[in-house]
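A short write-up of the structure that comes next.
FYI, it's all coordinate maths here, none of it is from the lab. The structure displayed is predicted, hence computed values, not measured ones. Backbone-built Cβ (ideal geometry, glycine too); neighbour counts: all protein chains shown.
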Amino acid sequence: MMFEDAPECGRDDNFKKVLELMYSRIREDRKFVILETGTAFDTCKSAWYNDGYSTRIFGWFAQKYNGILYTIDNNPQHIETGKKITEKYKSCINYITGDSTKTLHNISVLVDLMYFDSAMNPDLALEECKIIYPMFHKNTVVLFDDTYGVHKNKGKGYKAIKYMLEQSKWEIERLPVNQAMLYQN
Ligand SMILES: C[S@@+](CC[C@H](N)C(=O)[O-])C[C@H]1O[C@@H](n2cnc3c(N)ncnc32)[C@H](O)[C@@H]1O
């Protein structure tokens, strides 16, 4: 049972799905890498449940299954709260404070799971995607938050997904709560 002692979070069916898929696709003898833009920061339960608390489940997974999580946020207070939320898993987490469009340039490792969850701005997600795309490989799994439904044509993944499809053939799966998962066959 891969997730039996996973910490509570929102959107967890989706997070478990991408983590399981990513883990099944690891081919190399190295620590897997999860990278997210947008750190979990809200300690009010209704808010964090809606946001997801991605950093907590990703950090837990990295610790349990021998990986590393990079989490990027441009708000230093959010990083500080994120550190408290993920205290138990901190040995497996790199907390990076700064604008994603600057700090992503410093990521020079292959990315196995990418979660785009910074501002609700398709142009920002597109820019992030263009920077980090060279670090993707054929088994990378990508998740975008807030892409479908009410967010259609202005959601986070709207432009970045188009860009990814121009680069290569990606399968796209629409997940509950308007998230989009992409992977290559
Ligand atoms: C929706 S929240 C992240 C939620 C978190 N992934 C979770 O599941 O709980 C979005 C975060 O993106 C951060 N953010 C917004 N614009 C950013 C940028 N340009 N670079 C880095 N972080 C950014 C915000 O400070 C905020 O903390």
**Message:** I need the full set of residues from the range 114-142 which are near the ligand (Cβ under 10 Å from one of its atoms) and in a strand (DSSP E or B), in order please.
**Reply:** Tyr115, Phe116
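Filter the range 6-31 for residues that are away from the ligand (no atom under 16 Å from the Cβ), within 16 Å of the chain's Cα centre (by Cα) and not acidic (Asp, Glu); which is surrounded by the most Cβ atoms within 10 Å (Cβ to Cβ)?
Looking only at the range 6-31, we keep the residues that are away from the ligand (no atom under 16 Å from the Cβ), and these are 20-31.
Still in the list and also within 16 Å of the chain's Cα centre (by Cα): 20-23.
If we keep only those that are not acidic (Asp, Glu) as well, we get 21-23.
Values: Leu21: 16, Met22: 25, Tyr23: 16.
By that ranking, first place goes to Met22.
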**Request:** For Thr39, indicate whether it is within 9 Å of the ligand (Cβ to nearest atom) and among the polar types (S, T, N, Q).
**Result:** yes
**Item:** Condition check for Asp99: surrounded by 16 or more Cβ atoms within 10 Å (Cβ to Cβ) and within 8 Å of the ligand (Cβ to nearest atom)
**Value:** no
**Request:** Starting from the range 4-20, take each residue that is in contact (Cβ under 8 Å) with a residue 12 or more places away in the chain and assigned to a loop (DSSP other than H, G, I, E, B) and list its partners that are aliphatic (A, V, I, L, M) and buried (at least 20 other Cβ atoms within 10 Å of the Cβ), counting only C-beta distances under 7 angstrom and pairs at least six apart or across chains.
**Result:** Ala6/Ile57; Pro7/Ile57; Cys9/Ile57
**Qualifying residues in the range 29-79 (those that are of a type in the set (Val, Ile, Thr) and part of a helix (DSSP H, G or I)) - the one farthest from Ala6 (Cα to Cα)** = Ile79
**Asked** Can you name the number of the only condition in (1) within 9 Å of the ligand (Cβ to nearest atom); (2) in contact (Cβ under 8 Å) with a residue 40 or more places away in the chain; (3) within 11 Å of Glu36 (Cα to Cα) that Val111 fails?
**Response** (1)
**Odd one out for Ser100, checked against (1) touching a strand residue (DSSP E or B) at 6+ places or on another chain (Cβ under 9 Å); (2) over 25 Å from Ala6 (Cβ atoms); (3) of a type in the set (Ser, Thr, Tyr); (4) without any contact (Cβ under 8 Å) to a residue 40 or more places away in the chain** = (4)
**Request:** Hey, can you tell me all the residues within the range 61-77 that are within 16 Å of the chain's Cα centre (by Cα) and within 16 Å of the ligand (Cβ to nearest atom)?
**Result:** Phe61, Ala62, Leu69, Tyr70, Thr71, Ile72, Asp73, Asn74
